[in-house]
Amino acid sequence: MKRQYAGTDPLAGDFYTRQFEKDRGEHTLVVNMGPQHPSTHGVLRIVIEIDGEYILRADPVLGYLHRMQEKMGEVQTWGQYIPNMGRVDYGHPLAWNWAYVGAVEKLMGIQVPERAEYIRVITCELNRLTSHLLWWGAYILDLGAFTPIMYSFDDREMLLDILQRPTASRLTYGYFRVGGVRKDLDDRCIEMIKAFIPRFRSRLPMYKDLVTDNIILRKRVEDIGIIDRDMCRRYGCSGPVLRGAGEPYDLRRCEPYSIYDRFDFEIPTEETACSAGRYLVRMAEMEQSLRIIEQAVEGLAHAEGGHIMPKAPKPSMKPPKGEAYFAVEGARGKVGVYAVSEGKKVPYRIKLRSPSYSNLHAFAEAAQGTLLADAVATLGSLDLIIPEIDR
Amino acid sequence: MMNAIDVHMLIRLIIAVVAAMAWVGINALVLVYCERKFAGHIQRRPGPFEVGPHGILQPLADGLKLMGKQLFRPAGADAFLFWLAPMLSLLPVLLLFLPIPYGPMLTAMNVSLGILLILAFSSLNVLALLLAGWSSNNKWGILGAARAVSQSVAYEIPLLLSVLAVTFMTGSFNLSAISTSQGAWPWQWNLMAQPLAFFIYLVSAFGETNRAPFDLAEAESELTAGFHTEYSSMGFGLFFMAEYAYMVVVCSVCTVLFLGGFRGPVADGWWWFLAKTYALLFLMIWVRWTYPRVRFDQLLNINWKWLLPLAVFNLLATAFVMKL
Amino acid sequence: MGLKVLQGVETLCVARCDPAKTGQHWSVFLAPQAIVPAAAALSAAQYSLEDILALDTTDGLLVVYHFNAWRFDERIALKVLLPREDPAIPSITSVFQGAQWHERETRDFHGIVFEGHPNLIPLLMPAEDVDVHPLLKADKARRAIRDIMDAGEIVSCTGEIAALFAPPADTSADAARTDGGSKA
Amino acid sequence: MSAFRQNVIQPIIDLWSLIVGLKVTGKCFSQKLITVHYPRETIEDEDLDTYGGHVELVGKPKDPATPKCISCMMCVTNCPSRCLKVVKAKAPKLTAEQQEALAEAKARGEKVKKPRAPKTPQKFIYDYSLCSLCATCIENCPVHSLRFSHTMYWATTSREELKLDLLARLRRQARRKPRPAAKES
């Protein structure tokens, strides 16, 4: 009785496993990494064919967290869709807020007040820091060190306290509005930001000592999961994955939106194209975000206008007919929203272009021929947020 | 029929084994508590705090919870081997505590080949891990078992060689003899004479006990839980206890070999032994909560390319010096 | 001054868009069989694929490919109009491997078949709902292309595509349709 | 030689980074704890005041038990999650005498005022389990009758309890803290 499973049938798997097993070689093992696996962070599932511990083929299976966000856009009014943007990517929701709101503003031809632009920059960059800190802790956790995530959450909590003041939430922000933001930054919030920046600067060397310089970690991430420039182009990777491959492509610079052209910051790149490159790019980006925030807080003091334009459109706004594509630089890469309006209260079509989706797609090729442990190191270095992939 | 000495020995053995069982249990409880507290404070949080004052009863509560859980065996698992494995993992541990000299007079069995006995029986653990991984009918389990076997086999060799270097110096396999051959003060310990062997022993000990950064057999972010993926309740509990027991054994042996055992300033006794053993255990815990995990090929490379040549070199050098 | 990148590719309509308004620089209509050469031309010019989506319109299913360049700010939208019955289009996965998932997703949402795709199985939708295409609109909600987007500043155009954007000539039929739509 | 350096000397030097790591965690071990022991300690009020808990009604300044709400339904129409349910109050039914009086007045040709329905809603039900806390209702309320509460420590054992009668809640709040006017007198 017990041995009846030894052959193929009842436990042979679902549709995707059967699809995958069609091309299976001899003497290999097909394993399912996920959807309940500690290092796929949520419900990503990757079917892997391994020979020993070497990966021959990998095929991510998506859709376990699919909520049909794009359909939801077609049944809600333009304003009602904003809270959805907080749920697409819980890591960096303000980038999605911005991408969507920006697309609608493009459709309507709205110019946002200067103060609102500064507030958007500050909150978005703070949110980028929270996202990178979350990634950092979780990535090191994947690589087997338990402690760093606690340190990163120490800092992240302070950021959340700051962001909580204007946004009233701690994770899934729905803060931006067409024409500005929901609430102004108060003095206490500015104070907290000013106190946070030097504190975080002093914490970064500790991160470096504990993790970045650690020889075990370096050996784990160096030369692992190569995603070079050409692969990035073919798969449409963006963000730290692309910058880790040496291409200084950052939408804040290359397709400047909002007031990013006013700030002095660098775009860190690494030529190595491996997990270590992506890791170092993100660590360097945190410092650059601090620089932007510093300058933006200064600029905010004498910015004109309010936090939202006077007579901002109501949720039941009717943008004129047309199409608009708006992309912003999220923590994971290019966050794009393509909105089509027919001139009604309800969008005609909303397409969400998520960076993790394209970044993960490159994983299958990058993981080929590496060890199972390297797959974890590669996967983590892509900084995946599953709800963003499945939308 | 049975002469008086045999009966005497038997009673002594039984008492010793029972004592060892208690010792294993107590150690597991204390160590789990210490580890969680220590980890908590490293991470700047209090650790267990709710059950009892400062959470001191937490390990007991956890143990009760483990016992209360359902013993579950996955479909297609080989029932006999599946349940044999955890028992096989824990049982030999009891033997390992017998030859360890806790104090000048506090040894369960003063075996003349004590260190060999420990090394021999501790190897049985590999078999348990292999059986557990194999019989679970789980792919992650098999991967974990394969890792566990190659890791244990590899790390046993430098461990053995570094132990041999010490026995070359003392000329005895008897742990009591090794202890007494060292002086009371730190500079009279074997640590000073054999720093390289101590280092090799320590690194191999991490490998042998599957502790981070060498916890590849159960690397939870890669293999979910490795060989014990499918174990629940006390099946898992036994593996858990065995892991902590092996930690205690490895650290005890290290104390005896390199840190003077029960010898210490002012007065010799079990207190010195315990203090040193627990200091080593804390080092293991500290390391676990600091480092990321190494990769599997790196783990083996460290062994075959670094530890083994160093251990052989150390052994030859020791032999050479002793002969002089 | 036309779009240099796509020289040599047969285009149906090339139009310059206002990036401040639409976020796109070029809007190019293509025939289905021209999409692979167009993608190859863009790939040779170091463009990267952003996304692929489809729009359900009364004129047919409009597949939109967004490409953009890294070194300079330019986003090109390639648009292919497919018939609503049995929509099929050659897959560009041979040029851009990253298109695989985008095409699978578009098949899930709109039921467009990408010919030559190595593995056109459901991606986001469950495998048992192969024939459910959630983003296909109800008849009443469907609009003509001219009602949802502007043609932009046309550089070259065939009559066929120009007709899509021209104000409805046959007023009686089209007016009835739009009226019905607005009432709904 | 460089290969020797790279493969033998460098790894030994790199071991130093492990000691540095131990130093960092060791230092943190000796530092003060930073977590809050929740049931015994809570976070400062200042941080709590900005927390957006569930939505609640705002009372009139003079009569805190009655909401400012004018039952305009803006919140209900704009809510993306459809978690609000507002029932408008009905006009009071006239007794037979009043109706007669009204009819008489009408007959006399006077300007007749039919009793209007009160603006205060009759029911204001809010389902917290659906709410996405987007603040759309708060922004679109013309009389600012809605706001976020600061209840962070609220937990229930059933989904039904997440359905709140905000009017009842407002009355409870008003009872709990007497209005400032009453204090003065």
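Bear in mind that the values in this text are calculations on the coordinates, not laboratory data. Keep in mind it's a predicted model, so treat the numbers as computed, not measured. All Cβ positions, even for glycine, are placed from backbone atoms using ideal geometry, and neighbour counts span all protein chains on display.
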Starting from the alpha-carbon convex hull of chain A, give the projected area averaged over all orientations, in nm². 20.5 nm²
Under a straight-distance cross-link criterion of Cα-Cα below 24 Å, which lysines are reachable from D:Lys106, leaving out those fewer than 8 residues away in the same chain? D:Lys90, D:Lys93, D:Lys114
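Helix-only mean residue ellipticity at 222 nm, chain B, DSSP H runs n ≥ 4 weighted -39,500 (n - 2.57), per residue, nearest 500. What is it? Can you show the working numbers first?
Details: 14 runs with 217 residues, N = 324.
After summing the helix terms and dividing by residue count, I get -22000 deg cm²/dmol.
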Computed over the Cα atoms of the range B:88-228, what is the ratio Rg over Rh, Rh following Kirkwood? 1.04
Just rank B:Arg45, A:Arg234, fewest to most, by other beta-carbon atoms within 10 angstrom. B:Arg45, A:Arg234
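Could you please report the charge total around D:Trp154, scoring K, R as +1 and D, E as -1 over all other residues with beta-carbon less than 12 angstrom from its beta-carbon?
So the surrounding residues net to -1.
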Residue among B:Glu220, B:Glu35, B:Glu156 with the largest mean-square fluctuation in a Gaussian network model of chain B, springs linking Cα atoms under 10 Å: B:Glu220
Shape category assigned to the range A:60-145 from the gyration tensor of Cα positions, a/c cut at 1.5: oblate
For each cysteine in chain A, check whether another cysteine's C-beta sits under 4.7 Å from its C-beta; list those where none does. A:Cys124, A:Cys189, A:Cys254, A:Cys274
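Report, as an integer, the average count of C-beta atoms from other chains found within 10 Å of each Cβ along A:32-45. Each step should come with its number before you reach the end.
Working: counts 2, 4, 0, 0, 1, 6, 7, 6, 1, 0, 0, 0, 0, 0.
Average per residue, whole number: 2.
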GNM top mover of D:Gln31, D:Gln173, D:Gln98 - chain D, alpha-carbon springs below 10 Å: D:Gln31
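Would you mind giving the average projected area, over all directions, of the Cα convex hull of the range D:21-95 in nm² with one decimal? Don't skip to the end; give the middle numbers.
Numbers: hull surface 45.5 nm².
Projected over every direction and averaged, the Cα hull of the range D:21-95 covers 11.4 nm².
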Please express the shape of the protein assembly as shown as an equivalent ellipsoid: the semi-axes are the square roots of 5 times the eigenvalues of the C-alpha gyration tensor, given largest first in whole angstrom. 62, 38, 28
Rounded if a/c is under 1.5, else prolate if a/b is larger than b/c, else oblate: which is the range A:204-362, with a ≥ b ≥ c the root eigenvalues of its Cα gyration tensor? oblate
Scattering from the C-alpha atoms of the range B:200-324 alone, worked out with Debye: what is log10 I(q)/I(0) at q = 0.10, 0.16, 0.23 1/Å? -0.42, -0.94, -1.30
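Just checking the output field for A:147-156: average partner chain Cβ neighbours within 10 Å of each residue's Cβ? Don't jump to the answer; show the numbers that get you there.
On the way: counts 12, 5, 1, 10, 7, 0, 1, 6, 0, 0.
The mean count of partner-chain Cβ atoms within 10 Å per residue comes to 4.
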Cα-only radius of gyration and Dmax that characterise the range B:1-128, units Å: 19.1, 64
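Would you mind ranking C:Asp139, A:Asp390 so that the residue whose beta carbon has the fewest other beta carbons within 10 Å leads the list? Numbers along the way, then the final one.
Details: C:Asp139 9, A:Asp390 23.
By the 10 Å Cβ count, ascending, the order reads C:Asp139, A:Asp390.
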Whether the range C:11-183 is rounded, prolate or oblate, judged on the alpha carbon gyration tensor where a/c under 1.5 counts as rounded: oblate
Cysteines without a disulfide-compatible neighbour (Cβ-Cβ under 4.7 Å), chain C: C:Cys17
Descending Cα extents along the principal axes, the range D:1-41, whole Å: 63, 15, 7
Which aspartates and glutamates have a Cα less than 15 Å from the Cα of A:Lys314, not counting those fewer than 8 places away in the same chain? A:Glu105, D:Glu139
Can you tell which of D:Leu94, D:Leu167, D:Leu22 shows the greatest fluctuation in a Gaussian network model of chain D with Cα springs below 10 Å? D:Leu22
Counting as exposed only GluC sites (Glu not before Pro) in DSSP loop states with no more than 10 other Cβ atoms inside 10 Å, the longest exposed-site-free span of chain D is D:111-185
Let me see the pair-distance distribution of the range A:18-91: every alpha carbon pair, 10 Å bin width, integer percents in order. 17, 34, 23, 17, 8, 1
Inside 10 Å of the C-beta atoms of B:215-221, what's the mean count of C-beta atoms belonging to other chains? 4
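Write down the Kirkwood hydrodynamic radius of the range A:1-154, to one decimal in angstroms, obtained as one divided by the mean of 1/r over all alpha carbon pairs.
Values: mean 1/r = 0.0511 Å⁻¹.
Mean inverse Cα-Cα distance, inverted, gives 19.6 Å.
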Cα gyration tensor of the range A:87-205 diagonalised, 5x eigenvalues square-rooted, in angstrom largest first, produces semi-axes 28, 17, 10
Share of alpha-carbon pairs per 10 Å distance bin for chain B, given as whole %: 6, 24, 34, 25, 10, 2, 0
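Sort B:Trp306, B:Trp187, A:Trp135 so the one with the fewest other Cβ atoms within 10 Å of its own Cβ comes first.
Working: B:Trp306 16, B:Trp187 8, A:Trp135 26.
So the ranking, lowest neighbour count to highest, is B:Trp187, B:Trp306, A:Trp135.
Residues with beta-carbon under 14 Å from that of B:Leu281, excluding B:Leu281: net charge, scoring Lys, Arg +1 and Asp, Glu -1?
Numbers: positive: B:Arg36, B:Lys37, B:Arg211, B:Lys276, B:Arg288; negative: B:Glu35, B:Glu243.
Overall, the nearby charge balance is +3.
With a sphere of radius 15 Å drawn around the Cβ of C:Phe114, what net charge do the other residues whose Cβ falls strictly inside it have (Lys, Arg +1; Asp, Glu -1)?
Working: positive: C:Arg104, C:Arg107; negative: C:Asp51, C:Asp86, C:Glu103, C:Glu105, C:Asp108, C:Glu115.
Around C:Phe114, the surrounding residues sum to -4.
Normalising by the residue count of chain B, find the relative contact order in percent from Cα pairs under 8 Å and 6+ residues apart.
Contact order relative to length: 23 percent.
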Given B:Ala177, B:Ala197, B:Ala61, which one lies farthest toward the positive end of the charge dipole of the range B:4-323, if we put +1 on the Cβ of every Lys and Arg and -1 on the Cβ of every Asp and Glu? B:Ala197
